[in-house]
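Asks: A single structure is presented below for examination.
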Amino acid sequence: MEILQFELVDLPAYRAIGLTWEGPYTEVPELKRLIEKMSQRIGELKGALKPELQLGLSYHVRPDGFLHYSVYEVKSDQIVPKDMIEINIPAMTYFKTHHRKGENIGHTYHHIYQWFKDSDYKPYRDPDVKYFDDLPIKHERYPFDRDLEDPHFDILIPVVKK
C-alpha cells in the first residue's frame, strides 16, 4: 500500500462565486457539465483571485447525493453575475492531499478515510447540518490544465481535533 502524502494547513476565510448543483449520485454527469460551464464563464469574474484554479466544494447533505459549488475565489468587491451564487468559507484547518493523474479517485478517498480513523483528527461537521457521508465536506481544487477524463487535483477536508 502506498503512503498517503498529506499536510495539515490553516487557510484564511475566503469568498467564492460560481454555479451550484444539488442532486443524486445518478445525476453526476449533469454536474460535470455544470463544472465545464463554470470553467467557460471565468471571464465574467474580473475579480477572480486565481482564475487558473477552479474550486469544487461538496457537502454531503442528502442521503442519495450531495450539494456542490463550482466556484472561483474572488475579491470582496466582485459583483455576483446573473444566475451565479456566492459562498463564504470560514477560516479553517484542512487535511490536504493531492490526487494524481492516473490514479483511482475512490482509492484516494479510501486512503483519506483510513487516515482519519488512525489520526487525532476528525472531519469537521457543522453542528446545524445533517450529513450523509463519513467525509461530509470535500473541497477540491482543480488546475486549469486538468484532463477532465483523468484529473489531478488537490483535496482539502476541514478538520477538528477528536
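Asks: Quick check: pseudo-label points 7 Å beyond the Cα along Cα→Cβ at residue 37 and residue 49, how many nm apart are they?
Replies: Here the modelled spin labels are 2.7 nm apart.
Asks: Accessible area, 1.4 Å probe, largest first: how do 109, 72 sort?
Replies: Highest to lowest solvent-accessible surface, that is 109, 72.
Asks: Helix-only mean residue ellipticity at 222 nm, the chain, DSSP H runs n ≥ 4 weighted -39,500 (n - 2.57), per residue, nearest 500. What is it?
Replies: -5500 deg cm²/dmol
Asks: Give me the distance in nm between label points sitting 7 Å out from Cα along the Cα-to-Cβ direction at residue 13 and residue 117, one decimal.
Replies: About 3.7 nm, to one decimal.
Asks: Which is farthest toward the positive dipole end of segment 6-162 among 106, 84, 124, measuring Cα position about the Cα centre, with Cβ charges +1 (Lys, Arg) and -1 (Asp, Glu)?
Replies: 124
Asks: Towards the positive end of the charge dipole of segment 41-162, with charges on Cβ (+1 Lys, Arg; -1 Asp, Glu), say which of 63, 95, 51 has the farthest Cα.
Replies: In segment 41-162, that residue is 95.
Asks: What percent of all Cα-Cα pairs in the chain falls into each 10 Å bin, going from 0 up to the bin containing the maximum distance?
Replies: Taking every Cα pair in the chain, the percentages come to 10, 38, 39, 12, 1.
Asks: If I take every Cα pair under 8 Å that is 6 or more residues apart in the chain, average their sequence separation and divide by the length, what percent do I get for the relative contact order?
Replies: 30 percent
Asks: Given a 1.4 Å probe and heavy atoms of the protein chains only, how would you sort 71, 9, largest accessible area at the top?
Replies: Per-residue accessible area, sorted high to low, gives 9, 71.
Asks: Return the distance in nm (one decimal) between the two label points of a simple spin-label model at residue 76 and residue 107, each offset 7 Å from Cα along Cα→Cβ.
Replies: Placing both labels 7 Å along Cα→Cβ, they lie 4.5 nm apart.
Asks: I'd like the orientation of helix 105-118 relative to the chain: the angle between its Cα long axis and the longest Cα principal axis, in ° from 0 to 90, rounded to 10.
Replies: 50 degrees
Asks: Which FRET efficiency value, to the nearest 0.05, do you get for residue 162 and residue 85 by plugging their Cβ-Cβ distance into 1/(1 + (r/R0)^6) with R0 = 30 Å?
Replies: About 0.35, to the nearest 0.05.
Asks: Keeping all protein chains in place, calculate the accessible area per residue for the chain (probe 1.4 angstrom), answer in Å².
Replies: 56 Å²
The values are calculated or read from the model by the stated rules, or taken from the named source; none is laboratory data. All figures in this text were calculated on a predicted structure; none of them were measured in a lab. For neighbour counting, all protein chains shown are included, and Cβ atoms are generated from backbone atoms with ideal geometry for every residue, glycine included. Heads up: the accessible areas ignore ligands, DNA and RNA and are worked out on the full protein's heavy atoms, side chains in. Shrake-Rupley method; radii C 1.70, N 1.55, O 1.52, S 1.80 Å.
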